[in-house]
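Below is one structure, written out as structure tokens; comments come after it.
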Amino acid sequence: SETKAPIQAPNEVQSAVQTVVKVIRAQQQFVRSGATRPVEFRLRQLERLKAAIARYETRILEALQQDLRKPELEGYSTEVGYAYDSIGYVMKRLKQWVKPERVRTPLTHVGSSSYIYREPYGSALIIGPFNYPFMLVIDPLIGAIAAGNAAIVKPSEYTPHVSGVIAEMLGEYFDPGYIQVMEGGQEVTSALIHAPLDFIFFTGSIQVGKIVMAAAAEHLVPVVLELGGKSPCIVDHEADLDLAAQRIVWGKFLNTGQTCVAPDYVLVHESVKAELIAKMKAQITAFYGEDPQQSPDYGRIVNERHWNRLMGLVDSSKVAVGGTGEREDLYLAPTIMENVSWEDQVMQEEIFGPILPVLDYQVLDTALRNIGERPKPLALYLFTSNSRTERKVMESVSFGGGCINDTIMHLVSPYLPFGGVGSSGMGAYHGRYSFETFSHRKSVLKKSTRVNLSFIYPPYTAGKLKL
Ligand code: NAD
């Protein structure tokens, strides 16, 4: 498994922290000045962000091609177009969301009223991963802006072209005292996470998530962690196997398996295993042709380190489909492995690449117990036509979110909060939840000046105690 460099001691990053602190102070002052409070300001900034993306759209799509060989249509639908939709959704509703919310007041405070004010935290740091390098910093940024925060954006250094375009785009359209991009690797991130920010929104691996949370603890900075893990995909004997094969193959090999909610492995009822594998194999050919390396619709692994790691997970004696690759091209064929056991290497870490292990089960309870004994996954998918099976799975396993009879698609809905649980993360966003996540809920009781229950105050006389 890959190793990450250990956290730098705070004194080693101190001078870098000083530089970062200047940016943070400026941003905090900007938010404190009240400039970001009016909803009109926020709407203007969202409009501006949309205009910036529109102007840079071609370059963003090119950069996605350069860094990940992402097909243009995929780049558009999962990154750029997604961002437009997200901005549009928020803009339509923001005026309603920002209003102080009046809530009920207990009878003990008769004559009083209660409100929840949503206020910005201040300067929010957004750290992104490499796999959807544009969308996974821009979508949280939309939430940060909507909630009235200033933001520092740190895109992944593994996708340098996309990172560069984001820096140029946001640099051109926004003042750094409001939104600032900081590019770079671990040194930059270390300095950032040790600084006295007001909020950190991190998307990435479990391992780095822990580093971020530990650093955030120094200044008690609240964190949202959008992490990963091994997301199971259960296919029971009452599933529509054609649909299951199509939707699993699509969800797994989209972005070459480098999707946080990709089905990591399939758990199939043994009676339909052979049929499912045959159908998935046919589906791979239907999507990417006889030679996926030549397909314009199939991407590449982000870098050689990940390519080596992934190739190390392929056990050639268990390969049912694919299993080959070409390092120079960072190509790894869509791969299915069969007869895999829970002990195999491929089942010990998040795969995050185009390798799909298939395990089978005879009794659903055993499969569910196996999932339940492992870290809580970010996603879970179930293919079945039986509503009792559906209920059983939904009620017995904890996971971030998922789909019944599909993969990935739950994250596209702005009505569903997207996030992990346990080691797959904490906090959630999308749609209104993005606004909520980047807002502090300030509770205010407006007390009546006419009604005064003086018996609650000392001295606590015997007469009062009887009341
Ligand atoms: P990563 O954790 O390696 O990197 C994420 C960010 O952390 C990068 O910007 C990187 O610069 C920074 N970083 C790396 N090492 C660091 C260190 N030692 N100290 C401080 N910062 C550091 O993740 P990745 O490889 O880019 O992305 C893949 C992971 O992200 C997978 O585990 C995947 O499941 C997860 N992911 C989760 C979601 C989600 O929404 N839950 C989405 C996409 C990816």
Give the residue that is nearest to Asp139 (Cα to Cα), with candidates limited to residues of region 1-53 that are hydroxyl-bearing (Ser, Thr, Tyr) and at pLDDT 80 or above. Thr36
For region 187-210, which positions are farther than 19 Å from Tyr132 by Cα, within 10 Å of the ligand (Cβ to nearest atom) and crowded, with 16+ Cβ neighbours inside 10 Å? Val188, Ser190, Ala191, Leu192, Ile193, His194
When Ala191 is run through (1) within 24 Å of Ser424 (Cβ to Cβ); (2) touching a helix residue (DSSP H, G or I) at 6+ places or on another chain (Cβ under 7 Å), the failure sits at (1)
Determine if region 92-104 includes at least one residue that is aliphatic (A, V, I, L, M), loosely packed, with under 15 Cβ neighbours inside 10 Å, farther than 25 Å from Gly209 by Cβ and over 22 Å from the mean Cα position of the chain (by Cα). yes
Search result, residues across region 179-188 that are touching a helix residue (DSSP H, G or I) at 6+ places or on another chain (Cβ under 7 Å) and part of a loop (DSSP other than H, G, I, E, B): Met182, Glu183
Out of curiosity, is Ile234 crowded, with 20+ Cβ neighbours inside 10 Å, away from the ligand (no atom under 16 Å from the Cβ) and not in a helix (DSSP H, G or I)? yes
Working only within region 151-165, note down all residues that are within 12 Å of the ligand (Cβ to nearest atom), surrounded by 20 or more Cβ atoms within 10 Å (Cβ to Cβ) and not in a strand (DSSP E or B). Pro155, Ser156, Thr159, Val162, Ser163
So Gly148 ticks every box in (1) closer than 30 Å to Ala214 by Cβ; (2) away from the ligand (no atom under 16 Å from the Cβ); (3) outside any loop (DSSP other than H, G, I, E, B) but one. Which box is left unticked? (3)
Can you name the condition, by its number, that Glu350 falls short on among (1) buried (at least 19 other Cβ atoms within 10 Å of the Cβ); (2) over 16 Å from Lys252 (Cβ atoms)? (2)
When the residues of region 117-136 are filtered to those that are farther than 23 Å from Val302 by Cβ and surrounded by 15 or more Cβ atoms within 10 Å (Cβ to Cβ), which remaining residue is farthest from the ligand (Cβ to nearest atom)? Glu119
Need the failing condition index for Met213 against (1) in contact with a Lys or Arg (Cβ under 9 Å, 6 or more places away or on another chain); (2) surrounded by fewer than 24 Cβ atoms within 10 Å (Cβ to Cβ); (3) in a helix (DSSP H, G or I), just the number. (1)
Members of region 334-347 that are surrounded by fewer than 22 Cβ atoms within 10 Å (Cβ to Cβ) and of a type in the set (S, T, N, Q): Asn339, Ser341, Gln345
Can you tell me which residue among Pro129, Pro140 is over 21 Å from Lys22 (Cβ atoms), in contact with a strand residue (DSSP E or B) (Cβ under 7 Å, 6 or more places away or on another chain) and outside any loop (DSSP other than H, G, I, E, B)? Pro140
Residues of region 421-446 classified as within 16 Å of Asp198 (Cα to Cα) and of a type in the set (D, E, K, R), total: 3
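Looking only at residues in region 259-273 that are in a helix (DSSP H, G or I) and in contact (Cβ under 8 Å) with a residue 60 or more places away in the chain, which one is farthest from the ligand (Cβ to nearest atom)?
The extreme case among them is Glu270.
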With the structure loaded, tell me whether Ala191 is assigned to a helix (DSSP H, G or I), over 13 Å from Ala124 (Cα atoms) and out of contact with any Asp or Glu (no Cβ under 8 Å at 6 or more places or on another chain) or whether it fails that test. yes
Just the residues that are surrounded by 21 or more Cβ atoms within 10 Å (Cβ to Cβ) and within 16 Å of the ligand (Cβ to nearest atom), please, taken from region 357-379. Pro377, Leu378, Ala379
For region 300-400, list the helices (runs of 4 or more DSSP H) that sit wholly inside it and hold at least 2 residues that are in contact (Cβ under 8 Å) with a residue 12 or more places away in the chain, at positive phi and among the small types (Gly, Ala, Ser); which are they? none
Looking at Tyr115 and the list (1) in contact (Cβ under 8 Å) with a residue 60 or more places away in the chain; (2) part of a helix (DSSP H, G or I), which single condition is not satisfied? (2)
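The values are calculated or read from the model by the stated rules, or taken from the named source; none is laboratory data. Here the structure is a predicted model, which means the values were calculated and not measured. Methodologically, a virtual Cβ is constructed for each residue, glycine included, from the backbone with ideal geometry; neighbour enumeration extends over all protein chains shown.
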